[in-house]
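In what follows, a structure is listed as structure tokens, so that the remarks can point back to it.
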């Protein structure tokens, strides 16, 4: 079994501030409207995406293709509700779009699509693609002497994919210190615990041995995320892996570390009531 | 053909700074001159094809035109999802230079024989599939790849294929070349089947059978207009391909004819490899011969099919 890290324990008990609760209301509102959505994977990501879009990424919602912008790829595309909430809140598209999630006329599908959603840098959903694309973006920055940074958000289940480790070798080979991989380590994938499905430990050592500068933190700790994510490069000459210990379904007690909330097809009245208790009216 | 295509990458790189060469683990010395002249744009990335496709997508998103090169089966079978999602879904200008299309790697067995690559690449939206017949044509093709929108799969033969293409025919991606005027039969070819078709046409001529040849170097998008033009008044359309019967040139031609002709479909003969992996080694030529794709065998099959075919006058489907 995985040894529980202090960061993982802290993630379990971390208290959420009002903005984190507000973003969760946006996510859960989309699920309510659509009658479906990946709840657990989005709720574990909120703080990572929030800190990126609020405090770190150099982006302009009015010019989403600005060549100078930082790039961020949500490789674990099924966590898209968190991304959509942030993009909408930051003005990339109207908040009202969130209500159309997965609908026939919506730009917002169950996985993010490049070209459809302003601010989405790559179509993801098939797992194990984002880090390689990120290597290409970061390498292009290096070759063109541009200063944008590339952030790639990966799921822990996702890193079962061999292509992720191919990309890790490639990133290290090129010394891409403008590339930052954030691993949403919520320790639960679709079927069950990552420890059971395909053990990942020792995860930090794995990334380290692949040539990455590795840091671990509580992925719901906004302050810690801010501090770490603002340090780019973390170590000159090395790509960075930031292992974010999180709780799947964070902020919704019924959903926390509960595989049944990986994807929801509809919310019952009692579940809707429980959500109101947890995050407020939504 | 292969060396020519590689050298063209170097030439294009000299002309256009967007051009990159990305190899997995190619033979020692591949594009050595380019690696010396443009070391930053000559990338060797290891036997990690799935990653290389994704990486090339990222580079293409930033304005580069990557030419990704390895053995055909690894570009197709191994990283099909990356090709579909990273390249085709994003419609990025990455060029896949596939070494050893068809049976080039005959001695190395089924893992290295790309016998279904046209089918699976052709199935992908936004993908262009081109199979040049010889080194000269490969050169003309590569000239056109710089500014083509979207991904291209380039199926290469090996070195030493007889040069039969002609400069005066020109070359345009997506435009078939009429190598011999239509007669009793029109043979539609792709890649190095053109050489066999030319020899077969001579054998047929000796029997008094007029055989036209339409060289369909681009299998997708298929030049349906040229196809319809070529088959007017002919008694038989024969497709020749170094590929399994499913989904390749023969399928593409049959689909186009069914889509365009309401009635009076021409008699059709699809000559291809059988629907199985090749469990023989030897050479590309010996395997083609074994499976009825030598010039002799093609001529025999066409001549045999002709009397049985009914004369038909294909009409354009009126819609």
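None of the figures in this text is laboratory data; all of them are computed from the coordinates on show. A quick note: this is a predicted structure, and the numbers were derived from the prediction, not measured. We place every Cβ from the backbone using ideal geometry, glycine too, and count neighbours over all the protein chains shown.
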Starting from the Cα gyration tensor of the stretch B:59-99, take the square roots of the eigenvalues, sort them a ≥ b ≥ c, and report rounded, prolate or oblate (rounded when a/c is under 1.5, otherwise prolate if a/b is larger than b/c, else oblate).
oblate
With a 10 Å Cβ neighbour count serving as the proxy for reagent exposure, in which order, fewest first, do A:220, B:90, B:169 appear?
B:169, B:90, A:220
Treating the angle as unsigned and between 0 and 90°, give the value, to the nearest 10°, between the Cα long axis of helix B:249-260 and the longest Cα principal axis of chain B.
60
So for the protein assembly as shown: antiparallel DSSP bridges make up what percent, rounded to the nearest 5?
15
Counting only DSSP beta bridges with both residues in chain A, tell me the antiparallel percent, nearest 5.
10
FRET efficiency for residue A:254 and residue A:226 from the Cβ-Cβ distance with R0 = 30 Å, rounded to 0.05, comes out at 0.55
Across peptide B:44-53, what mean number of C-beta atoms from other chains lies inside 10 Å of a residue's C-beta?
6
Going fewest to most other Cβ atoms within 10 Å around each Cβ, A:282, B:171, B:277, A:151 line up as B:277, A:282, B:171, A:151
For the protein assembly as shown, evaluate the Debye formula with one uniform point scatterer on each Cα (no solvent term) and list log10 I(q)/I(0) at q = 0.05, 0.07, 0.09, 0.12 Å⁻¹, rounded to two decimals.
-0.27, -0.51, -0.76, -1.09
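Would you tell me the mean number of C-beta atoms belonging to other protein chains that fall within 10 Å of each C-beta in A:102-115, as a whole number?
1
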Apply the a/c threshold of 1.5 to the C-alpha gyration tensor of the stretch B:145-279 and tell me whether it is rounded, prolate or oblate.
rounded
Within the P(r) computed for the stretch B:142-217, what percentage of the Cα pairs occupies the region above 15 Å?
61
For chain B, what is the convex hull volume of the alpha-carbon atoms per residue, in Å³?
125
Most fluctuating residue of B:239, B:128, B:149 in a GNM of chain B with Cα springs under 10 Å: which is it?
B:149
Highest GNM mean-square fluctuation among A:41, A:239, A:67, for chain A with Cα springs under 10 Å, belongs to A:67
Taking only Cα atoms and a 10 Å spring cutoff, compute GNM fluctuations for chain B and point out the largest among B:87, B:156, B:265.
B:265
Taking the Cα-to-Cβ direction at residue B:77 and at residue B:44 and moving 7 Å from each Cα, how far apart do the two end points lie in nm?
2.5
Is the shape of the stretch B:79-151 rounded, prolate or oblate, going by the alpha carbon gyration tensor and its root eigenvalues a ≥ b ≥ c, with a/c under 1.5 for rounded and a/b larger than b/c for prolate?
oblate
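Can you give the extra length, in nm with one decimal, that the chain gains between residue A:160 and residue A:102 once fully stretched, where that is 0.36 nm per residue apart less the Cα-Cα distance?
Extra length available between residue A:160 and residue A:102 comes to 18.2 nm.
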What's the average, rounded to a whole number, of partner chain beta-carbon atoms within 10 Å of each residue's beta-carbon in A:123-135?
6
Points 7 angstrom from Cα along the Cβ direction at residue A:272 and residue B:167: gap in nanometres?
7.6
Could you work out the percent of alpha carbon pairs in the stretch B:84-229 separated by over 27 Å, rounded to a whole number?
23
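To one decimal place, what orientation-averaged projected area in nm² is obtained for the convex hull of the Cα set of chain A? Walk me through the intermediate numbers first.
Details: hull surface 53.1 nm².
Averaging across all directions leaves 13.3 nm² for the Cα convex hull.
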Please rank B:121, B:142, fewest neighbouring Cβ atoms within 10 Å first, as an exposure proxy.
B:142, B:121
Put one equal scatterer on each alpha carbon of the stretch A:40-91, apply the Debye formula with no solvent term, and list log10 I(q)/I(0) at q = 0.15, 0.20, 0.21, 0.24 1/Å to two decimals.
-0.39, -0.68, -0.74, -0.94
Two pseudo-spin positions, 7 Å from Cα along C-beta at residue B:14 and at residue A:265, lie apart in nanometres by 6.3
